[in-house]
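The numbers here are math on the coordinates, done by the rules we state, and not lab data. Small disclaimer: the values here were computed from a predicted structure and weren't measured. Here the Cβ is made from the backbone with ideal geometry for all residues, glycine too, and neighbour counts use every protein chain on show.
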Amino acid sequence: MSDYFVLRAIPSIEQKSVQGYMEIEDWDDVEGFDDWGRGTRAQMRPSGLVEIKAVPYKGYAGKPDDFQDASVPLMSKRLKQAIESAGVDNVDFLPVTLRNTSSGEAYEYFAFNLIGLVSAADRAKSTMASHDGDFLGDTQIHGLAIKDSLAKDVLMFRLAEKFSVVMIHRTVKEAIENAGIDTMKFVKPEDFMAI
């Protein structure tokens, strides 16, 4: 059994006793994040203050989700503090303001660039497909096995086989749980699928 988990958010729309959801319009008027989801040191970085629209729908009155790994990878201040307390030190952060378009409320968040692509999939035990055969970046995963020795004790990384997959070590999972953050899912590799 692996000591690594796939980190996923539980979207507000799926959380118990929460009505509606908040959409982060991270593609709107934000430049400089083009290469922040590839696991490498970014060549571009936004200049000046970054403000991103947060649009509540269907009566949503809560805060934005703690984690969003989209065109602008974002995490909340409390999630940033939790992973740093676990010893994660391979992330570049940029403070951003999420602005609620209904209430005007501002939320302190961080764009993040997770530095580190690790090819940690045990190909003999995983069920994966690659349209170009290189198993790099865009691999389809139907069953994932992680070989911990390939991760080389890196606490948090992007999976080289599928850049959108963020892996965390068990100690990071525990730090997030100990911080009282209950909006994250920790998926066992064998239960994970990504097309």
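Could you state, as a whole-number percent, how many of the C-alpha pairs of region 32-106 are farther apart than 17 Å? Please report the intermediate quantities before stating the final value.
Values: 1438 of 2775 pairs.
Counting pairs separated by more than 17 Å, the tail of P(r) holds 52 percent.
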**Cα extents of the chain along the three principal axes, largest first (Å)** = 52, 38, 33
**Request:** Let me have the relative contact order for region 1-114, percent, based on Cα pairs under 8 Å that are six or more residues apart.
**Result:** 28 percent
**Item:** lysines with Cα under 23 Å of Lys63, excluding same-chain neighbours fewer than 8 positions away
**Value:** Lys16, Lys53, Lys77, Lys80, Lys173, Lys185
**Prompt:** In the calculated pair distance distribution of region 96-148, what percentage of Cα-Cα distances lie above 17 Å?
**Reply:** 58 percent
**Message:** Please compute the contact order of the chain in relative form: average sequence separation of alpha-carbon pairs under 8 Å and at least six residues apart, divided by the residue count, as a percent.
**Reply:** 28 percent
**Prompt:** Full extension from Asp89 to Leu136: what is 0.36 nm times the residue separation minus their Cα-Cα distance, to one decimal in nm?
**Reply:** 14.5 nm
**Item:** Reachable aspartates and glutamates, given that their alpha-carbon falls under 15 Å from the alpha-carbon of Lys188 and they are not under 8 places away in the same chain
**Value:** Asp3, Asp122, Asp148, Glu174
**Request:** Report the Stokes-Einstein translational diffusion coefficient (µm² s⁻¹, integer) for region 112-195, Rh taken as the Kirkwood radius over Cα pairs, at 25 °C with viscosity 0.890 mPa s.
**Result:** 184 µm²/s
**Asked** What nm distance separates the two modelled labels at Lys188 and Lys152, each placed 7 Å from Cα along Cα→Cβ?
**Response** 2.9 nm
**Request:** Please work out, to two decimal places, the log10 of the ratio I(q)/I(0) at q = 0.13, 0.27, 0.28 Å⁻¹ from a Debye calculation in which every Cα of region 1-68 carries one identical scatterer.
**Result:** -0.55, -1.17, -1.21
**Request:** Evaluate the distance, in nm, between pseudo-label points positioned 7 Å from the Cα of Arg78 and of Val18 along their respective Cα→Cβ axes.
**Result:** 1.1 nm
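Which longest run of the chain has no exposed loop site in it, a site being GluC sites (Glu not before Pro) in a DSSP loop with at most 13 other beta carbons within 10 Å, and the site itself not part of the run? Show your work: numbers first, answer last.
Working: sites that count: Glu31, Glu105.
Between exposed loop sites, the widest span is 106-195.
Run through region 16-76 and list the chymotrypsin sites (Phe, Trp or Tyr not before Pro) located in a DSSP loop whose Cβ has at most 13 other Cβ atoms within 10 Å. Intermediate results must be reported in sequence, preceding the final value.
Working: sites: Tyr21, Trp27, Phe33, Trp36, Tyr57, Tyr60, Phe67; in loops: Trp27, Phe33, Trp36, Tyr60.
Sparse-neighbourhood loop chymotrypsin sites (Phe, Trp or Tyr not before Pro): Trp27.
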**Prompt:** Placing +1 at every Lys and Arg Cβ and -1 at every Asp and Glu Cβ, with all other atoms neutral, what dipole size does the chain have around its Cα centre, in debye to the nearest 20?
**Reply:** 420 debye
